[in-house]
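So the structure is just underneath, and the comments pick up after that.
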Amino acid sequence: MKILLVNPPHDLETTLGRGALFVPKIEPLGLLYMAAVLKENGYDVRVIDAFAEELSEKELKSRILELNPDIVGFTSFTSNGGFLYDFGRKLKEERPQTLIVYGNTHASIYAQQYLLNKCCDIVVHGEGEYVLLQIVRQHGRKKGFSSVPAVSFVENGRVVTTPGYGLIEDLSALPFPARELVNKNRYGIGGISNFRLGAEEKGKTSRHMFTSRGCSNRCRFCAVHNNQKQRFNSIDRTISEIEILIKDYNAGYIFFMDSSFTIDRQRVINICNEIIRKKLCFRWGCEAYVKGMDKEIVRLMESAGCVDMNFGVETGVQRLLDDMNKRITIQDAKDAIETVKSHTNINAMGLFILGLPGESCSDSLETIEFSKKLPIDMAQFSVCVPYPGSCLFEELRNNGLDIGIRKDNALDTSVWQRYNAYVSFSSELPIWVTKEQSPDGLKKLQKKALRSFYFRLKPFWNQVKRIRLADVPSVVKAFFWTFF
């Protein structure tokens, strides 16, 4: 039995406009974990990363037909959900004998519409490694899928969803992602990046990896880890994967993609001590939690190679933090970032959201001013989006939010483009704004935030120092696209 896993194309030009320039190509680790489990169980599995390879719809279809798989699995995001709606139907019409499987959050939310419109045969809910393995086994036995947990499929003209939710408790039981199934030369942090570029300048590569899944927090705006508790890889497994990336992929920089790498202080200490003990020579970055930062741990992280920390500050207004269930205070954010910058040379980035529910224009301006008071090296200002799968999405869909579903479960996938638009770079307006603001006004505030933060001597010079000579033309374009 031949199995093909596909990372579909993303229409970044439409959704992000000129901001597509900033999006790096990173390995589709979710698919590569699933591929590894299938390989471990003796199956013939291939992976096509149509996004990294920049394949057109025609080219992707040709590749699939050439490989002639028995099963094709697609990972779905809101950014490629429209593509899958059209492509899946066409592929199913041409190859009715091929089992088409969709997975990830977007497909899970829109399972009924995808299935009833014959875009796919089955949708996986939650983490797919072992669920997909059961699907493959059942398909090989020519059996139905009612015994497979956490899936949806059509039976007798109606959508059936089996009990359960794909959740892997012991992450260390998983094999390492099958990175060998994709071309390693296609991936990196890109020419224009928020991360330190020195590793690639020295002939090294950059890589991404997870050391945990899920999140202990339940922020209302977050879709990625909704209803998933945080689970951790063992220290030995984490160090082993780092060693693989250094040895086999010449990694000089690794970004830990965990939603909150630093939330377990002792675990961070143990990882750092092992990196130092084994004399692993690489630099790294992570998503950091504002609680628990003290001079001992930040100094240890720097000694172990940490050069980048991203902090989800979100807003400078405490009532908005409370309303979003962020479970931090403004002072927590201030103290954490000041600790990092007072005791290390680690690059600190603040992540902010404009247009949160209940946020007025004056609140947005307060967030912008707060960002300038923090000793951060960089700031990112996003517009609040009720992403499918988030608590905010579920709340708003019951109050008139356009989620793309039309009569008889048809889908208007053009709506999803506005869920992905980084509005200051594209012609799109936000999909939703709080009643205190207007779509156009919020878009202007995003531009104002970027200009206000970066048009100061130190932040501006910090960015200039990061520019590589070969990237100057792209940087010049990005400069005007970003700020004007």
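The values are calculated or read from the model by the stated rules, or taken from the named source; none is laboratory data. Keep in mind it's a predicted model, so treat the numbers as computed, not measured. No Cβ is skipped: glycine too gets one built from the backbone with ideal geometry, and neighbour counts run over all protein chains shown. Remember, those area values only see protein heavy atoms, side chains included, never the ligands or the DNA or RNA. Shrake-Rupley method; radii C 1.70, N 1.55, O 1.52, S 1.80 Å.
Things worth noting here:
- With all protein chains in place and ligands, DNA and RNA left out, the 1.4 Å accessible area ranks LYS341, LYS58, LYS92, LYS204 as LYS58, LYS204, LYS341, LYS92, largest first.
- Gained length - ASN345 relative to TRP461, 0.36 nm times residue gap less alpha-carbon distance: 40.2 nm
- Once the Cα-Cα distance is subtracted from the 0.36 nm per residue extended length, the GLU338 to CYS361 segment shows a gain of 5.6 nm.
- Fully extending the segment from SER240 to LYS295, taken as 0.36 nm per residue of separation minus the present Cα-Cα distance, adds 17.0 nm.
- Cut-off under 5 Å, modelled amide H: who pairs with LEU354 long-range: SER382, VAL383, CYS384
- Rounded to the nearest 10 Å², the accessible area of TRP461 at probe 1.4 Å: 140
- Alpha carbon centroid spacing (whole Å) that separates segment 32-104 from segment 270-291: 35
- What the phi angles of segment 277-284 give under the Karplus curve with 6.51, -1.76 and 1.60, with θ = phi - 60°, is a coupling list of 4, 7, 6, 6, 9, 6, 10, 8 Hz, glycine and proline written as x.
- If R0 equals 30 Å, the separation of the Cβ atoms of ASN398 and VAL160 corresponds to a calculated FRET efficiency of about 0.80.
- With R₀ fixed at 60 Å, the C-beta to C-beta distance from ASP44 to ARG265 puts the FRET efficiency at about 0.85.
- Remark on GLU436: its backbone amide H falls under 5 Å from those of GLY358, a criterion applied only to residues 5 or more positions apart or on other chains, H modelled at 1.01 Å from N.
- With the cut-off at under 14 Å, measuring from each backbone N in segment 32-63 to a point 7 Å along the Cα-to-Cβ line of LYS90 picks out 55-63.
- Between ARG207 and TYR253, ILE254, PHE255, the built amide H atoms are under 5 Å apart, and every one of these is 5 or more places off in sequence or on another chain.
- For the set ASP308, ASP121, solvent exposure ranked by accessible area (probe 1.4 Å, protein chains only) runs largest to smallest as ASP121, ASP308.
- Under the Karplus curve 6.51 cos²θ - 1.76 cosθ + 1.60, θ = phi - 60°, whole-Hz ³J(HN,Hα) for segment 301-312, x wherever Gly or Pro sits: 4, 5, 4, 8, x, 5, 10, 9, 9, 9, 10, x
- Using the rule -39500 (n - 2.57) for each DSSP H run of four or more residues, divided by the residues of the chain, the 222 nm mean residue ellipticity is -11500 deg cm²/dmol.
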